[in-house]
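Written below as structure tokens is the structure these notes are about.
The values are calculated or read from the model by the stated rules, or taken from the named source; none is laboratory data. Given the structure is predicted, the values throughout are model-derived calculations rather than measurements. For neighbour counting, all protein chains shown are included, and Cβ atoms are generated from backbone atoms with ideal geometry for every residue, glycine included.
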Amino acid sequence: MALVLYHVEDAAKEKQLSALCRELHLTARRLTNADRDRAVAALCGEKVNANVQKAPAGYKLPEVLIFSGFAGEMLDVFLAAYKKAGIAPIPLKAVHTEYNNKWSLYTLCEELRREHAAMLLRGSFGK
């Protein structure tokens with residue numbers, strides 16, 4: 001089952017994202033700040049026994065998209081449709097993998113932030 005987990009603050013963006021997922025026959029699940037200490041696998045509906053890194057008090061989830069169970073070119077199709085629909089960008093994106101399976105949502109989001117910052121830094125030197 002292809003699943004899109006997401007956290008967005010803007011209600012209009014959430015509505016667009018939900019509509020896109022329905023159009024592409026994808027299951028969408030909204031993430032909340034209460035999910036921050038849950039394992040990625042558990043958020044994707046898998047049974048997992050993991051000791052995850054807890055988020056610090058007051059941590060707020062950033063906007064994020066997590067893709068699980070996407071086969072073949074489905075991710076490319078989703079991203080192209082997302083762009084075509086004119087939905088405002090969400091810079092933090094991940095694919096659910098064996099590697100991040102037992103990470104907390106907090107740990108995944110922080111890793112994505114570090115990777116995104118590094119990409120932006122590399123991009124600024126390339127100009």
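Could you tell me whether any residue of the stretch 71-87 is touching a Lys or Arg at 6+ places or on another chain (Cβ under 8 Å) and surrounded by 12 or more Cβ atoms within 10 Å (Cβ to Cβ)? Within the stretch 71-87 (the criterion being touching a Lys or Arg at 6+ places or on another chain (Cβ under 8 Å) and surrounded by 12 or more Cβ atoms within 10 Å (Cβ to Cβ)), the answer is yes, since at least one residue qualifies. The numbered conditions (1) farther than 23 Å from H116 by Cβ; (2) out of contact with any strand residue (DSSP E or B) (no Cβ under 8 Å at 6 or more places or on another chain); (3) in contact (Cβ under 8 Å) with a residue 60 or more places away in the chain are all true for Q16 except (1). For the stretch 53-96, residues that are more than 15 Å from the chain's Cα centre (by Cα), without any contact (Cβ under 8 Å) to a residue 24 or more places away in the chain and closer than 16 Å to L3 by Cβ total 1.
Suppose the filter is at pLDDT 95 or above, surrounded by 14 or more Cβ atoms within 10 Å (Cβ to Cβ) and touching a Pro at 6+ places or on another chain (Cβ under 8 Å); does E63 pass it? Spell out the reasoning first.
On the way: at pLDDT 95 or above: yes; surrounded by 14 or more Cβ atoms within 10 Å (Cβ to Cβ): yes; touching a Pro at 6+ places or on another chain (Cβ under 8 Å): yes.
So E63 fits the description; yes.
When V48 is tested against (1) exposed (fewer than 13 other Cβ atoms within 10 Å of the Cβ); (2) modelled with pLDDT under 95; (3) touching a strand residue (DSSP E or B) at 6+ places or on another chain (Cβ under 8 Å), exactly one condition is not met: (1).
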